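Participant: One structure follows; several queries about it will come next.
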Amino acid sequence: MIVGTSHFDGSVAILGLARSGLATARALMAGGNQVLAWDDSPERVTAAAQAGIPVQKSPDFDWRGIAALVPSPGIPLDHPTMVAARAAGVDILGDVEILWRAMKERQFVGITGTNGKSTTTALIGHILEHARQTVQIGGNIGTPALSLDALWAEGTYVLEMSSFQLDLTPAMSFDIAVLLNIAPDHLDRHGSMNAYIAAKRNIFRPGRLKTAVVGIDGPDTLRIYRELCLRDDLDVIPVATGRRLLDGVATNGGLLEDHGRAICDLQAAIALPGQHNWQNAAAAYAATRALGVDPETIARAILNFPGLAHRMEHIAAIDGVQFINDSKATNGDAAARALACFNPIYWIAGGRAKSDGLRAAQPYFQHIAHAFLIGEAEQTLAAELDGRVDHSLCGTLDTALDAAAAQARADGRPGAVVLFSPACASFDQYTDFEARGEAFRERVHILEQRQSEQALRVCA
């Protein structure tokens, strides 16, 4: 836990007491700061109070004695407490900003993008560990910034940054910043695509920034890349997929190339299937080269990378059918990246709909043998699939998984995959994508156990 946080000239108000809020409260209090906290969840309030965190009964803080407001990243910027803080001239900042202020002497690598940022963050951390460098990995990837260890002597913080978090870093400047891609997402929070892009661009705030790694496959990121190239103080490294790039890092026919020089065959990286993961690998390579790691070490680390839970995670093979957990795919673009990797697919999708729908997935509809739809969005998704993809309304994940497994087994098609890549948020039925992915994993293991028991009965 980071305890060397700056002492604020007044109390710090904390809005939201989920993982990051609790970690922030504990770190600030350990650093000698006065804290006042609030959450609309009675369970979280009780847990915080039991942990000794001062909790008030309403979000109406007395701003006269408050130096800063630290909201949980998911809280809307137009929340009444946020509006009141701005009106009172109170600083609003996130936990990542506090970490950066406390640990300014260390290196900071930030990774953002609509998709792929968790895998890229974890891969960068894995490469640095492989190179025997001291590293702490956190942020949006799951470990709150102020739960990380303090790097007093040396080391690097590698932080996944959501657009929400980047909205809450008013002064922070990364040493190395990575932007992977941009597709429509979180538009209900940001209000427009332009506002969403502007939030992502915050990762390139001037100051300490020395290296910018930018995926150039999409028009929005290509435009940002060209604008960054106009800065004299910055080394800008382009990353591309599916082609040769003589002035940057690219994937070409499965080969990872650095300025046209072959580094390794990404088809041998078992935990990084598909072109979207090859982009993640290329970006991780560019970032770690900028940190001084040699190409050979990076290549070895990429090839032995174990992968992440809930991101194209292979759960089991049952009766020749593969079961893949891609619960982190919370939008259509992310699901499209998974659909591109397999054929035939028995696809489980649904949850709480995102504004982009399935538009990005349409080129891969031909890979889908049947879709099994769940959650609030099942009717909406069914309308998009009608006449194009056979589908069933299943309501719940358990029902969908049982139906998908049964049909895949009955069809007997070689290479069949039951793919859980929802293209939707989880909040209609689950607390987060992790809980949703765990539910999928547990249900697959039940099916696996049933298959084993049946096989034993046949043998007996």
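Read-outs: derived from the displayed coordinates by stated rules, not from any lab. Please read all numbers here as calculations on a predicted model, not as lab measurements. Cβ coordinates were reconstructed from backbone atoms using ideal geometry, including for glycine residues, and neighbour counts include every protein chain displayed.
Participant: Could you give the dipole magnitude of segment 237-382 about its Cα centre, charging the beta-carbon of Lys and Arg +1 and that of Asp and Glu -1, in debye to the nearest 20?
Facilitator: 200
Participant: So, one more: Angle, helix 19-30 long axis vs. longest principal axis of the chain, Cα atoms, 0 to 90°, nearest 10?
Facilitator: 30
Participant: Which of Val236, Leu159, Gln50 sits closest to the plus end of the dipole of the chain, meaning its Cα is farthest towards the positive end, when Lys and Arg get +1 and Asp and Glu get -1 on the C-beta?
Facilitator: Val236
Participant: How far is helix 433-459 tilted, in degrees, relative to the longest principal axis of the Cα atoms in the chain, given as a value from 0 to 90 rounded to the nearest 10?
Facilitator: 30
Participant: A follow-up question, please. Can you give the local net charge around Thr211? Use residues other than it whose beta-carbon is closer than 10 angstrom to its beta-carbon, Lys and Arg +1, Asp and Glu -1. Intermediate results must be reported in sequence, preceding the final value.
Facilitator: Values: positive: Lys210, Arg289; negative: Asp175, Asp235.
My count for the surroundings of Thr211 gives 0.
Participant: Sticking with this structure for a sec: Can you list which of the trypsin sites (Lys or Arg not before Pro) found in segment 296-337 are DSSP loop residues with at most 15 other C-beta atoms within 10 Å?
Facilitator: Numbers: sites: Arg300, Arg311, Lys328, Arg337; in loops: Arg311, Lys328.
Of the trypsin sites (Lys or Arg not before Pro), not one in the loops of segment 296-337 has a Cβ with at most 15 other Cβ atoms within 10 Å.
Participant: Based on a Kirkwood Rh over C-alpha pairs, give the Stokes-Einstein translational diffusion coefficient of segment 326-390 at 10 °C and viscosity 1.306 mPa s in µm²/s. The partial results should precede the final answer.
Facilitator: Values: Rh = 11.5 Å.
Once the numbers are plugged in, D ends up at 138 µm²/s.
Participant: Further question on the same structure: Taking the Cα centre of each part, how many Å lie between segment 404-438 and segment 57-118?
Facilitator: With segment 404-438 and segment 57-118 each reduced to a Cα centre, they are spaced 35 Å.
Participant: How much net charge surrounds Pro59 when only other residues with a Cβ under 11 Å from its Cβ are counted (Lys, Arg +1; Asp, Glu -1)? The partial results should precede the final answer.
Facilitator: Numbers: positive: Lys57; negative: Asp39, Asp40, Asp60.
Combined, the nearby Lys, Arg, Asp and Glu give -2.
Participant: Based on the Cα gyration tensor of segment 313-459, what are the three equivalent ellipsoid semi-axes, each the root of five times an eigenvalue, rounded to whole Å and given largest first?
Facilitator: Details: eigenvalues 117, 56, 32 Å².
Output for segment 313-459: semi-axes of 24, 17, 13 Å.
Participant: Nothing charged except the Cβ atoms of Lys and Arg (+1) and of Asp and Glu (-1): what's the magnitude of the dipole of the chain about its Cα centre? Round to the nearest 20 debye. Could the numbers behind the result be given before it?
Facilitator: Working: 39 positive and 51 negative charges, 110 e Å.
That gives a dipole near 520 debye.
Participant: Something else: Quick one, can you get me the convex hull of the C-alpha atoms of segment 21-172 expressed as volume per residue in Å³?
Facilitator: Working: hull volume 18.5 nm³, N = 152.
In segment 21-172, the Cα hull volume divided by residue count equals 122 Å³.
Participant: If you add up the charges near Ala371, with Lys and Arg at +1 and Asp and Glu at -1, over every other residue whose beta carbon is less than 13 angstrom from its beta carbon, what do you get?
Facilitator: Working: positive: Arg388; negative: Glu378, Glu384, Asp386, Asp390.
My count for the surroundings of Ala371 gives -3.
Participant: If you don't mind, another one. For the chain, what relative contact order do you get, as a whole percent, if you take Cα pairs closer than 8 Å and at least 6 residues apart? Spell out each step's value before the answer.
Facilitator: Working: 980 pairs, mean separation 48.9, N = 460.
It comes to 11 percent, rounded to a whole number.
Participant: Here is a further query. Which value results when the Cα radius of gyration for segment 11-92 is divided by 2.2 N^0.38 Å? Present the calculation step by step, with values, prior to reporting the outcome.
Facilitator: Values: Rg = 11.5 Å, N = 82, 2.2 N^0.38 = 11.7 Å.
Taking the Cα Rg and dividing by 2.2 N^0.38 Å, one obtains 0.98.
Participant: About the Cα centre, and with charges only on the beta carbon of Lys, Arg (+1) and Asp, Glu (-1), how big is the dipole of segment 11-92? Nearest 20 debye, please.
Facilitator: Values: 6 positive and 7 negative charges, 38 e Å.
Charge dipole, segment 11-92, about its Cα centre: 180 debye, nearest 20.
Participant: Next question, about the same structure. Listing Ser163, Ser72, Ser58, Ser355 from the residue with the fewest other Cβ atoms within 10 Å to the one with the most, what is the order? Don't jump to the answer; show the numbers that get you there.
Facilitator: Details: Ser163 25, Ser72 21, Ser58 8, Ser355 12.
Sorted ascending by nearby Cβ count, the order is Ser58, Ser355, Ser72, Ser163.
Participant: Determine the alpha carbon to alpha carbon distance for each of Lys104/Lys328; Lys104/Lys354; Lys104/Lys200 and list only those over 26 Å.
Facilitator: The pairs that break the limit, which is 26 Å between Cα atoms, are Lys104/Lys328; Lys104/Lys354.
Participant: Still on this model: What's the longest piece of the chain with no exposed GluC sites (Glu not before Pro), counting a site as exposed if DSSP puts it in a loop and it has at most 10 other beta carbons within 10 Å?
Facilitator: 155-460
Participant: For the chain, take the longest principal axis of its alpha carbons; what is the angle in degrees between that and the long axis of helix 275-290, to the nearest 10 within 0 to 90?
Facilitator: 40
Participant: Sticking with this one: Scale the Cα Rg of segment 270-331 by the rule-of-thumb value 2.2 N^0.38 Å and send over the ratio, two decimals.
Facilitator: Values: Rg = 14.1 Å, N = 62, 2.2 N^0.38 = 10.6 Å.
It is 1.34.
Participant: Normalised by the number of residues in segment 315-395, what is the relative contact order in percent for Cα pairs under 8 Å and 6+ residues apart?
Facilitator: Details: 124 pairs, mean separation 21.5, N = 81.
Relative CO of segment 315-395 lands at 27 percent.
Participant: Still on this structure, please answer the following. Counting helices only, and only those DSSP H runs with n ≥ 4, report the 222 nm mean residue ellipticity of the chain as the sum of -39,500 (n - 2.57) divided by its residues, in deg cm²/dmol to the nearest 500. Could the numbers behind the result be given before it?
Facilitator: Working: 15 runs with 161 residues, N = 460.
-10500 deg cm²/dmol, from helical runs alone.
Participant: Still on this structure: Can you give the direction-averaged projected area of the convex hull of the alpha-carbon atoms in segment 224-347, in nm²?
Facilitator: 9.0
Participant: Which of the listed residues, Gln451, Ile348, Gly395, is farthest toward the dipole's positive end in segment 328-457, when Lys, Arg count +1 and Asp, Glu count -1 at the beta-carbon?
Facilitator: Toward the positive end, the furthest listed residue is Gln451.
Participant: Per the Kirkwood treatment, what hydrodynamic radius in Å, one decimal, follows for segment 96-303 from the mean inverse distance over all distinct Cα pairs?
Facilitator: Working: mean 1/r = 0.0593 Å⁻¹.
By the Kirkwood definition, the hydrodynamic radius is 16.9 Å.
Participant: Related question: Once the dipole of the chain is set up with Lys and Arg at +1 and Asp and Glu at -1 on Cβ about the Cα centre, which of Thr169, Gly142, Ser192 lies farthest towards its positive end?
Facilitator: Projecting each Cα onto the dipole axis, the largest value belongs to Thr169.
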